[in-house]
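The values are calculated or read from the model by the stated rules, or taken from the named source; none is laboratory data. Source: prediction; values computed, not measured. Ideal geometry is used to build each Cβ from the backbone, glycine not excepted, and the neighbour counts take in all protein chains shown.
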Amino acid sequence: MGEEIPEKSVTPVWVLHPDLRNDRFRRDPEFALQEAVSLAEAMPETDVVGATIVPVPKIRAGWLFGKGKTEELKQQFVETHVDLVIIDGTLTPVQQRNLEEEWNVKILDRTGLILEIFSDRARTREGVLQVEVAALSYQRTRLVRAWTHLERQRGGLGFVGGPGETQVEADRRALDERIQNLKRQLEKVVRTRALHRQSRARVPFPVVALVGYTNAGKSTLFNRLTGANVFAKDMLFATLDPTMRSVELPSGRTIILSDTVGFISELPTQLVASFRATLEEVLEADLILHVRDISHPLTDQQSRDVTTIMTDLGVSKETPLIEVWNKVDLLDAQEQEGILAKSEREEAIFATSSITGQGIEELLDAVSETLTDPKTYRDLVLPYSDGKKRAWLFSEDLVEAETQGEDGFHLKVHWTARQEKNFRDM
């Protein structure tokens, strides 16, 4: 008989959503708690045993919750043998320390939770570097403690600890040095990406970026359009590392389709900063497809969150954008009828189902039409020594007529603004 493989330890988790009544950015508490539970379930080796909305009329300094509520929750955690409490909000280091000591549990706030998930999902070197930069930036603001009552069965960031684990016990200078070293490594990745973009510009294929709230169905749409097998699951942050594939549109035109990490409300600032390199594909995109889960009750709010993050990233308002109202197959007949009617009235809205393929053909036609640039005629004079540029013009089939003069080649070209820019940048 073979040796038995020990079962992985599962950590019992309780999720709390503090409902800050005086917060002008207050989200619907029911849906906020539901999203927080989904995030908690996305962590491996965890078992969500309970979830609670906690009304917070007034924040108690150093504790967040009032004294009575703090004691009531402590009793709840003792009775359910909870080891980890996730608080769906931002905790100060003092609040986290006080609550951990009072409840005798490990606590993750929203930022720590998302970083844990990202740490588990990162597959490429770039993704791992980005998560580590974000994690160290987060750790820099608080004291990291060793915990021995949670058994560790996986890699991660050190927020959820285990026996014998060594955690970051360096001073801020050491952390800063590590962060700077990681950023230098990431800069190399950025330079490599820039070179790849230059190569694509010389081809040239336009880049179409998929963006959207996490779990909106971007990866499923990406797989349908490209025939790829990108990990797609009904789970928050199923996609972390960027994926790019070439796609031939029905018109015969080739594009580069880019799948990106999903956005989420209250995305930690450390993550926005560290994932900027990945999201540069969005900044450089010729067309953005904003994929929305149109079946979600808070789809409009999610859409606003995505728009806010894109603005924060510096995405140009001049970049063409098409809204893809995905998951129409999850709507009832009456809702579908309303959504389809609205999409027919609005030029830049397409109702689709990545699962059934509904609306995909019309979407691809719109992508092709949007990327069809108007062409203009221009007369050029190239010195005889500039054979490289002349060869490029002919290879792109842009030359309508050519004569030779004393000063060089005289060419009449017919090109798009993009092709002219590529020519000037050579």
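Surrounded by fewer than 17 Cβ atoms within 10 Å (Cβ to Cβ) and modelled with pLDDT of 90 or more - does that describe any residue in the range 102-125? Talk me through it step by step, then tell me what you get.
Pass one, the range 102-125, residues surrounded by fewer than 17 Cβ atoms within 10 Å (Cβ to Cβ): 102, 104, 123-125.
In the following step, the residues that additionally are modelled with pLDDT of 90 or more were identified as 102, 104.
Within the range 102-125 (the criterion being surrounded by fewer than 17 Cβ atoms within 10 Å (Cβ to Cβ) and modelled with pLDDT of 90 or more), the answer is yes, since at least one residue qualifies.
Which members of the range 317-336 meet the condition of being outside any strand (DSSP E or B) and either surrounded by 11 or more Cβ atoms within 10 Å (Cβ to Cβ) or not assigned by TED's automatic domain parsing to the domain that holds ASN215 (or both)?
The first filter runs over the range 317-336 and keeps only residues outside any strand (DSSP E or B), leaving 317-320, 327-336.
THR319, PRO320, LYS327, VAL328, ASP329, LEU330, LEU331, GLU335, GLN336, listed by residue number.
Only one of these is assigned by TED's automatic domain parsing to the domain that holds ASP19, under 21 Å from GLU41 (Cα atoms), of a type in the set (A, V, I, L, M) and under 32 Å from the mean Cα position of the chain (by Cα): VAL94, VAL82. Name it. It would help to see each step written out before you state the result.
Numbers: VAL94 fails: under 21 Å from GLU41 (Cα atoms).
Just a single option satisfies the conditions, and that option is VAL82.
Any residue that is assigned to a helix (DSSP H, G or I) and loosely packed, with under 13 Cβ neighbours inside 10 Å - is there at least one of those in the range 366-380? I'd like the intermediate steps shown before the answer.
At the first step, the residues of the range 366-380 found to be assigned to a helix (DSSP H, G or I) are 366-370.
Checking which are loosely packed, with under 13 Cβ neighbours inside 10 Å leaves us with 369.
Taking every residue of the range 366-380 in turn, at least one turns out to be assigned to a helix (DSSP H, G or I) and loosely packed, with under 13 Cβ neighbours inside 10 Å.
Determine if the range 134-144 includes at least one residue that is closer than 18 Å to ILE264 by Cβ and either among the aliphatic types (A, V, I, L, M) or modelled with pLDDT under 80 (or both).
yes
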